[in-house]
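Asker: After the structure tokens below, expect a handful of questions from me.
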Amino acid sequence: MKVGYVYDPIYLKHDTGEHVESSKRLEAIISILEQTKLKQQLTPIKPRTATVEELSMVHDKHYIAHIQDAAQRGGGWLDADTVMSPDSYQAAIYAAGGLIKATEAVMDGEVDSAFGLVRPPGHHATSQRAMGFCLFNNVAIAAKYAMAKYELDRVLIIDFDVHHGNGTQAAFYDNPQVLYASTHQYPFYPGTGDIDETGTGAAKGTTINIPFPGGYGDAEYLSVFEQIIVPAARRFNPHLILVSAGYDTHWADPLAMMQLSVTGFAQIARIIKGLAEELCSGRLVFTLEGGYNLIALAASVKATFDVLLGSANIDDPLGPSPHRFTTPSIAPLIKAIKEIHNLA
Ligand SMILES: [Zn+2]
């Protein structure tokens, strides 16, 4: 398997100071890929900048100009969570362009699959607003780009970040060509993502929200992937699968309460890879969203690469969650979502 990755030091220049979403995240990932020599097995994909025209497939032109202007003025806080430095606009257009390049490499058959190791992350960014550490919605831009350039009728976006990808949902809420399926802690930041948010008009049913109470772990995630996401993906029959890969779902993550392990992330990656092989000639692009425990993040991204490369050996240095939560059975939630989405 030929697996590509996008990375460039420009992503470190989005300087967020002491913020949890810092350049240390990508440094930890690159470091583990180098130490384990996994990097030598991967194909580097050189990013480029996304053009204003490409960004404007998802974002309002005034908003794009506002972000560029904010960077030129030295950066600062855009909201209570999201901060910019002078180089953040450049990093952000390289992040969006990097994911475009990863998608092109997969679509053109240069690699079998790819992973965008980019920042700032993207799935909270809406047409007109930076939110939740995100400036431009990388995955939504890549989806729109792929649909336009390769005339794709259907793209599946799977989002397993612990937070709901409100920006991605909004970008495709009325677009039946994109199936957006998200697992997330709920109620939680950013507040959206209830089961009855399913899309509008002709796109009704092409948004699938799977809101979890804090405390769910590998077993619940696997149940939901097997019983909801896999059958929904088969019915939708995409030409390309994009993944908003957020590793803040790990049990050791400081921001949230889900209990996934590195092994669980590998199992999820294996299911998604299987779907891509079954439905769309393996065409699969991951992009980095959250993940704030550096050890868990690096090990989980490495495990994802191992799965993409076809390796059976997963190294889980942190093991299963040591926490014991009293959580409700997942069965009623799965039943309710199956009913809403007419999944047998
Ligand atoms: Zn997140």
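Asker: Here's a check for you: in the stretch 134-168, which residue that is surrounded by fewer than 24 Cβ atoms within 10 Å (Cβ to Cβ) and of a type in the set (F, W, Y) is farthest from the ligand (Cβ to nearest atom)? Break it down stepwise before answering.
Answerer: The first filter runs over the stretch 134-168 and keeps only residues surrounded by fewer than 24 Cβ atoms within 10 Å (Cβ to Cβ), leaving 144-154.
Next, only the ones that are of a type in the set (F, W, Y) stay: 145, 150.
Working: Y145: 23, Y150: 29 Å.
Among residues in the stretch 134-168 that are surrounded by fewer than 24 Cβ atoms within 10 Å (Cβ to Cβ) and of a type in the set (F, W, Y), the one farthest from the ligand (Cβ to nearest atom) is Y150.
Asker: Between a residue in the stretch 226-242 that is among the small types (G, A, S) and any residue that is open to solvent by 30 Å² or more (accessible area, probe 1.4 Å) and part of a helix (DSSP H, G or I), which pairs come within a Cβ distance under 9 Å, given they are 6 or more apart or on different chains?
Answerer: Matching pairs, first to second residue: A233/E278; A233/L279.
Asker: For A219, which of the numbered conditions (1) surrounded by fewer than 24 Cβ atoms within 10 Å (Cβ to Cβ); (2) in contact with a helix residue (DSSP H, G or I) (Cβ under 7 Å, 6 or more places away or on another chain); (3) within 17 Å of F265 (Cβ to Cβ) fails to hold?
Answerer: (2)
Asker: Taking only pairs six or more apart or across chains, which ones have beta-carbon atoms under 7 Å, a first residue in the stretch 134-146 that is over 8 Å from A96 (Cα atoms), and a second residue that is aliphatic (A, V, I, L, M) and open to solvent by 10 Å² or more (accessible area, probe 1.4 Å)?
Answerer: So the pair list comes out as A140/V58; A140/A171; K144/M57; K144/V58; Y145/M57; A146/M107; A146/L152.
Asker: Scan the stretch 175-197 residue by residue and report those that are among the β-branched types (V, I, T) and assigned to a loop (DSSP other than H, G, I, E, B). Please lay out each step first, then the result.
Answerer: So the first thing to find is which residues in the stretch 175-197 are among the β-branched types (V, I, T), and the list is 178, 183, 192, 195.
The answer is T192, I195.
For (1) open to solvent by less than 10 Å² (accessible area, probe 1.4 Å); (2) β-branched (V, I, T); (3) over 29 Å from D112 (Cα atoms); (4) under 15 Å from the mean Cα position of the chain (by Cα), each residue gets a yes or a no:
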residue	(1), (2), (3), (4)
H184	yes, no, no, yes
D194	no, no, yes, no
T206	no, yes, no, no
F225	yes, no, no, no
F236	no, no, no, no
A245	yes, no, no, yes
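Asker: Tell me which helices (runs of 4 or more DSSP H) are completely within the stretch 224-315 and hold 3 or more residues being closer than 28 Å to A92 by Cα and either of a type in the set (D, E, K, R) or out of contact with any strand residue (DSSP E or B) (no Cβ under 9 Å at 6 or more places or on another chain) (or both), or say none if there are none.
Answerer: On the way: elements: 230-236, 262-279, 294-309.
The qualifying helices (runs of 4 or more DSSP H) are 294-309.
Asker: Go through the residues of the stretch 111-119 one by one and say whether even a single one is in contact with a Phe, Trp or Tyr (Cβ under 9 Å, 6 or more places away or on another chain) and within 15 Å of the ligand (Cβ to nearest atom).
Answerer: For the stretch 111-119, residues in contact with a Phe, Trp or Tyr (Cβ under 9 Å, 6 or more places away or on another chain) and within 15 Å of the ligand (Cβ to nearest atom): present.
Asker: Quick one: which of T263, T249, T206, T198 is polar (S, T, N, Q), touching a residue at least 24 places away in the same chain (Cβ under 8 Å) and more than 24 Å from A143 (Cα to Cα)? I'd like the intermediate steps shown before the answer.
Answerer: Working: T249 fails: more than 24 Å from A143 (Cα to Cα); T206 fails: more than 24 Å from A143 (Cα to Cα); T198 fails: more than 24 Å from A143 (Cα to Cα).
Step by step, each of T263, T249, T206, T198 is checked, and only T263 is polar (S, T, N, Q), touching a residue at least 24 places away in the same chain (Cβ under 8 Å) and more than 24 Å from A143 (Cα to Cα).
Asker: Which of (1) aliphatic (A, V, I, L, M); (2) over 16 Å from V243 (Cβ atoms); (3) more than 16 Å from the ligand (Cβ to nearest atom) does A125 not meet, given it meets every other one?
Answerer: (3)
Asker: I would also like to ask the following. Can you tell me which residue in the stretch 100-137 is farthest from the chain's Cα centre (by Cα), limited to those that are farther than 18 Å from I157 by Cα and assigned to a strand (DSSP E or B)? Please lay out each step first, then the result.
Answerer: Step one: list which residues in the stretch 100-137 are farther than 18 Å from I157 by Cα, which gives 108-111, 119-120, 128-133, 135.
Filter again for assigned to a strand (DSSP E or B), leaving 129, 131.
Numbers: R129: 18, M131: 15 Å.
Step by step, filter the stretch 100-137, then rank; the result is R129.
Asker: Those residues that are open to solvent by 10 Å² or more (accessible area, probe 1.4 Å), within 22 Å of Q227 (Cα to Cα) and within 16 Å of the ligand (Cβ to nearest atom), I need them from the stretch 247-273; list them, please.
Answerer: Of everything in the stretch 247-273, just one residue is open to solvent by 10 Å² or more (accessible area, probe 1.4 Å), within 22 Å of Q227 (Cα to Cα) and within 16 Å of the ligand (Cβ to nearest atom), namely Q259.
Asker: Please go through the stretch 274-328 and pick out each residue that is open to solvent by 40 Å² or more (accessible area, probe 1.4 Å), more than 30 Å from N166 (Cβ to Cβ) and either within 16 Å of the ligand (Cβ to nearest atom) or among the aliphatic types (A, V, I, L, M) (or both).
Answerer: Listed by number, the residues that qualify are A312, I314.
The values are calculated or read from the model by the stated rules, or taken from the named source; none is laboratory data. All of these numbers come straight from a predicted model, not from anything done at the bench. No Cβ is skipped: glycine too gets one built from the backbone with ideal geometry, and neighbour counts run over all protein chains shown. Calculation scope for accessible area: heavy atoms of the full protein, side chains included, ligands and nucleic acids excluded. Shrake-Rupley method; radii C 1.70, N 1.55, O 1.52, S 1.80 Å.
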